[in-house]
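Notes to accompany the following structure.
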Amino acid sequence: MPLMMSEEGFENEESDYHTLPRARIMQRKRGLEWFVCDGWKFLCTSCCDWLVNICQRKKELKARTVWLGCPEKCEEKHPRNSIKNQKYNVFTFIPGVLYEQFKFFLNLYFLVISCSQFVPALKIGYLYTYWAPLGFVLAVTMTREAIDEFRRFQRDKEVNSQLYSKLTVRGKVQVKSSDIQVGDLIIVEKNQRIPSDMVFLRTSDKAGSCFIRTDQLDGETDWKLKVAVSCTQRLPALGDLFSISAYVYAQKPQMDIHSFEGTFTREDSDPPVHESLSIENTLWASTVVASGTVIGVVIYTGKETRSVMNTSNPKNKVGLLDLELNRLTKALFLALVALSVVMVTLQGFVGPWYRNLFRFLLLFSYIIPISLRVNLDMGKAVYGWMMMKDENIPGTVVRTSTIPEELGRLVYLLTDKTVLLPLLFPKEMFAHLHQKTYVRVFMVEWTNKLWNVLTVEH
């Protein structure tokens with residue numbers, strides 16, 4: 001389209017040359033003003049975002065070639081085969097616990113009330129009358145969190161320290177679970193946990209198959225049939241695994257536990273042997289060998305295993321009782337503010353009424369009892385300890401001491417017959433139900449530390 005201009009535009013053309021230097025000066029001033037006022041904020045935000053992206057950048061997962069018994073041939077560095085379920089470390093424990101406590105209105109309220117006593121105009125009592133109860137609550141909470149964290153550390157250490165037989169050229173060597181690497185040949189005995197994701201190579205069963213239990217991985221109690229790679233199963237002796245030149249090509253790590261794509265290749269034979277691999281040739285971590293002795297080559301370790309990738313990061317669990325107490329505290333605080341406003345109104349808003357309003361808030365702060373929080377935290381700790389020491393339910397482990405009272409809130413439980421019902425009733429009672437039929441088990445209160453089942457509907 002042609003550019004249209006009016007006659008006034010041509011008449012004012014000469015004046016534009018005079019205003020051009022002034023416009024450049026104004027543009028420079030605006031640029032300097034933008035940098036002083038908003039530019040540094042933009043630069044700081046951009047730098048922070050850049051640092052966060054670098055810290056949170058995840059390693060790109062790729063397909064891999066794993067040589068049998070040769071971890072040194074791995075082209076990339078793989079994660080350490082260790083399990084870590086801890087929520088904090090040495091540096092984040094105190095800040096993390098304090099954040100989890102003061103994000104609730106109840107604790108934040110008492111913190112503000114205690115800090116107000118450092119202001120001389122608002123001080124109405126001794127400091128220890130406010131800080132001692134709050135400090136005791138925080139001490140009990142931090143002690144409880146420290147105990148839970150230490151228990152998680154012990155459980156992780158126990159799992160990571162389990163010994164396994166590693167097959168080498170010189171024979172069998174005992175290694176810890178955390179020292180297993182991609183490419184190692186690991187021997188797993190019956191009723192032993194599989195330490196990492198592996199491809200099934202050999203078994204003591206002549207049929208070349210075995211059964212594994214996957215209840216810790218997918219919740220299914222029925223055993224799964226696994227088939228060894230036929231090329232390695234046909235080898236005469238166990239040591240022949242080092243006399244062949246073979247490798248496994250595995251897809252990149254993913255979360256799906258019901259699928260796998262890979263290829264087993266033996267190069268030293270004429271012609272080379274290529275055998276496709278599927279989910280039936282895999283042994284996922286956190287499963288248990290139910291029959292025979294199996295030998296597998298490690299393909300995924302640590303954070304790249306199926307079990308870890310399907311596990312969410314540990315979070316702080318909050319019970320309904322804590323949420324109800326938090327809402328009740330907010331309601332009491334509104335009543336406290338209303339009562340303080342009424343008292344200031346009766347005085348006629350004379351003098352520094354806003355100071356008197358805050359003083360009334362401090363005087364009436366005992367309406368919200370901090371002892372309730374203390375008793376609640378101590379009661380949870382004692383309740384969890386009593387559950388673990390109860391002789392009627394031996395072997396009970398309280399993994400989270402923040403929500404043990406939630407067991408008393410159970411009303412009904414939805415499950416299928418393969419998960420919970422075999423633990424409660426004989427298998428013959430539900431033989432007529434379909435495998436995926438969902439049943440509803442009505443629960444009553446946790447009396448005598450046992451679940452009392454009333455009726456079952458399907």
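The values are calculated or read from the model by the stated rules, or taken from the named source; none is laboratory data. All figures in this text were calculated on a predicted structure; none of them were measured in a lab. We place every Cβ from the backbone using ideal geometry, glycine too, and count neighbours over all the protein chains shown. Ligands, DNA and RNA are stripped out before the accessible areas are found, and what is left, the full protein with its side chains, is counted by its heavy atoms. Shrake-Rupley method; radii C 1.70, N 1.55, O 1.52, S 1.80 Å.
Things to note:
- Search result, residues across segment 299-343 that are of a type in the set (Val, Ile, Thr) and under 19 Å from ASP377 (Cβ atoms): VAL318, THR329
- Residue ranges of helices (runs of 4 or more DSSP H) in segment 262-366 with at least 2 members of a type in the set (S, T, N, Q): 320-347
- No other residue among VAL273, VAL227, VAL289 is of a type in the set (A, V, I, L, M), on the phi < 0 side of the Ramachandran plot and out of contact with any helix residue (DSSP H, G or I) (no Cβ under 8 Å at 6 or more places or on another chain) apart from VAL289.
- Neighbours by Cβ (under 6 Å, 6+ apart or cross-chain): first from segment 74-93, on the phi < 0 side of the Ramachandran plot; second assigned to a loop (DSSP other than H, G, I, E, B) and open to solvent by 50 Å² or more (accessible area, probe 1.4 Å): ASN85/PRO314; LYS87/PRO314
- Flag if ALA237 is small (Gly, Ala, Ser), open to solvent by less than 10 Å² (accessible area, probe 1.4 Å) and at pLDDT below 90: no
- Of all residues in segment 281-312 being open to solvent by 30 Å² or more (accessible area, probe 1.4 Å) and more than 29 Å from the chain's Cα centre (by Cα), the one that is nearest to VAL229 (Cα to Cα): THR293
- Yes/no for GLN216 being part of a loop (DSSP other than H, G, I, E, B) and of a type outside the set (A, V, I, L, M, F, W, C): no
- Residue pairs meeting the criteria (Cβ under 8 Å; at least 6 apart or on separate chains; first more than 24 Å from SER196 (Cα to Cα), in segment 266-292; second open to solvent by less than 60 Å² (accessible area, probe 1.4 Å) and among the basic types (Lys, Arg)): PRO272/ARG266; VAL273/ARG266
- When segment 367-378 is filtered for residues that are touching a residue at least 12 places away in the same chain (Cβ under 8 Å) and in a helix (DSSP H, G or I), the ones remaining, listed by number, are ILE367, SER371, LEU372, ARG373, VAL374, LEU376, ASP377, MET378.
- Single residue of segment 184-207 satisfying the filter (open to solvent by 20 Å² or more (accessible area, probe 1.4 Å), charged (D, E, K, R) and within 23 Å of GLY262 (Cβ to Cβ)) that is nearest to the chain's Cα centre (by Cα): ARG193
- Restricting segment 94-113 to residues that are in contact (Cβ under 8 Å) with a residue 24 or more places away in the chain and hydrophobic (A, V, I, L, M, F, W, C), the residue that is nearest to ASN313 (Cα to Cα): VAL97
- Segment 205-234, subset small (Gly, Ala, Ser) and out of contact with any Lys or Arg (no Cβ under 9 Å at 6 or more places or on another chain), residue modelled with the highest pLDDT: SER230
Residue by residue, here is whether (1) surrounded by 15 or more Cβ atoms within 10 Å (Cβ to Cβ); (2) touching a residue at least 40 places away in the same chain (Cβ under 8 Å); (3) touching a strand residue (DSSP E or B) at 6+ places or on another chain (Cβ under 9 Å) holds:
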position: LYS172; (1), (2), (3): no, no, yes
position: VAL182; (1), (2), (3): yes, yes, yes
position: SER209; (1), (2), (3): yes, no, yes
position: ARG213; (1), (2), (3): yes, yes, yes
position: GLN233; (1), (2), (3): yes, no, yes
position: ILE244; (1), (2), (3): yes, yes, yes
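- Here is the figure for segment 132-147: residues that are at pLDDT 85 or above and open to solvent by less than 40 Å² (accessible area, probe 1.4 Å) total 4.
- Among the residues of segment 343-368, those identified as surrounded by 11 or more Cβ atoms within 10 Å (Cβ to Cβ) and among the aliphatic types (A, V, I, L, M) are MET343, VAL344, LEU357, LEU361, LEU362, LEU363, ILE367, ILE368.
- Considering residues of segment 99-131 that are more than 13 Å from THR141 (Cβ to Cβ) and touching a Lys or Arg at 6+ places or on another chain (Cβ under 7 Å) only, the residue least open to solvent (accessible area, probe 1.4 Å): GLN117
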